[in-house]
Structure formats: structure tokens, C-alpha cells
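**Q** Take this structure first; my questions come after.
No lab work stands behind these numbers, since they all come straight from the coordinates. Only a predicted model underlies this, so the values are computations on that prediction, with no experimental measurement involved. So basically every Cβ, Gly included, is an ideal-geometry build from the backbone, and we count neighbours across all protein chains shown.
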């Protein structure tokens, strides 16, 4: 009986190891650097340029408001000695409110910038995923990992599909700008 169990176990191990070897032979993986794809595709470059332009415009507006606040503060400091204590307290309260409003506006602007960035990159990331899937199917890849977040310390040559994804992505028709779509609806 012991011999029978040993033979059965040996047969099972043999079948499992043969299946594992066959599975390993069919298993192919690759990696893609999504940040590099975003930076090097035409849509990614256009989105980054739109975002930069938007940020510069917002920053200029904030700088003007900050300068006006600082000028008002400086004026108050110069005139403080000539004011009655009640007037000074009132002006300081108004100035403090403007400071709080300015800080809240800056915080709101930061949230808007994050939302705008997501609005810009979400359709591009969706398209990158589609291109990655096409490349994976074409090359028979079982798994494609994101290069920067995968924890890979070494990668054999030929497993990085980033350039192929960029090439195929740029071969697709350009996407329209999300911001431009909204502007067209308003007109």
C-alpha cells in the first residue's frame, strides 16, 4: 500500500511539474513606463502645455492679489500711528479677513489644479491602457507591469515595451483637448 501511495504521489508531482513547465513556457511579461509615455506622446505633450498655460494664468492672478494685499498692509502700517485705535482695529480686521480669503483662494486653486490635471490626463491614460493591451496581445504577453511602481530592480533587454507603446500611441489620431470641449459648449 505504501508503494501504491508513493507511485501515486510521484505521478501527481510529475503531472504538476510538467504543467508548471508548460505554463512557464507560455508566460511572457513586459513593462511600460507610463510616465515616459505621457511625456513623449503628442497628446501628453499637448496636455502638459495646456496645463502649464492654465497654471501660469492662475499664478499671475494670485500674484496680483498678493501684491495688492501686501501694498494694503504696508499702507496700513505706515498710517497706523495716525489712526484712532478703533479705526486701526477695524482696518486690521479687514486686512486679516483678506489674508484668510487669499489663503482659501490659494487652497481652492490647488484643488482646481489637481482636478484639471485629472481631467487632462484621464482620457490619455485610458488610451495608453488600450495601446498597452494591443501591444500585449500582439506580442503574446501574459502580464504587463508599470515600470516605475513595480519594484523591479533589473529588467532583461527586450522586456521594456515603452517605446513600442509610444510609437503605436502616436500613430493614433490626436485627441481633442478636454478644456476645448467645455469652451465650445459654452459658446
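**Q** Please give the length that would be gained between residue 56 and residue 83 if that part of the chain were fully extended, namely 0.36 nm times their separation in residues minus their C-alpha to C-alpha distance (nm, one decimal). Could the numbers behind the result be given before it?
**A** Numbers: separation 27, 0.36 × 27 = 9.72 nm, distance 3.90 nm.
Net length gain for the segment: 5.8 nm.
**Q** Restricting to Cα pairs below 8 Å that are 6+ residues apart, what does the relative contact order work out to for the stretch 39-121? Please round to a whole percent.
**A** 50 percent
**Q** Here is a follow-up. Kirkwood-based Rg over Rh for the stretch 23-186 (C-alpha set), two decimals?
**A** The Rg/Rh ratio comes out at 1.27.
**Q** Can you give the FRET efficiency for residue 176 and residue 26, using 1/(1 + (r/R0)^6), R0 = 35 Å, r = Cβ-Cβ distance, to the nearest 0.05?
**A** Computed FRET efficiency for residue 176 and residue 26 comes out at 0.30.
**Q** Using the Cα gyration tensor of the stretch 120-164, with a ≥ b ≥ c the square roots of its eigenvalues, what is the shape: rounded (a/c below 1.5), prolate (a/b larger than b/c) or oblate (neither)?
**A** The shape class here is oblate.
**Q** Just subtract the alpha-carbon distance of residue 46 and residue 133 from 0.36 nm times their residue separation and send over the number in nm, one decimal.
**A** Values: separation 87, 0.36 × 87 = 31.32 nm, distance 2.33 nm.
Gain on stretching residue 46 to residue 133: 29.0 nm.
**Q** Same structure again: Compute the distance in nm between two label points, each set 7 Å from the Cα along the Cα-to-Cβ direction, one at residue 95 and one at residue 154.
**A** 6.5 nm
**Q** Tell me the label-point distance for the pair residue 64, residue 107, using the 7 Å Cα-to-Cβ offset, in nm and rounded to one decimal.
**A** The two pseudo-label positions are separated by 2.5 nm.
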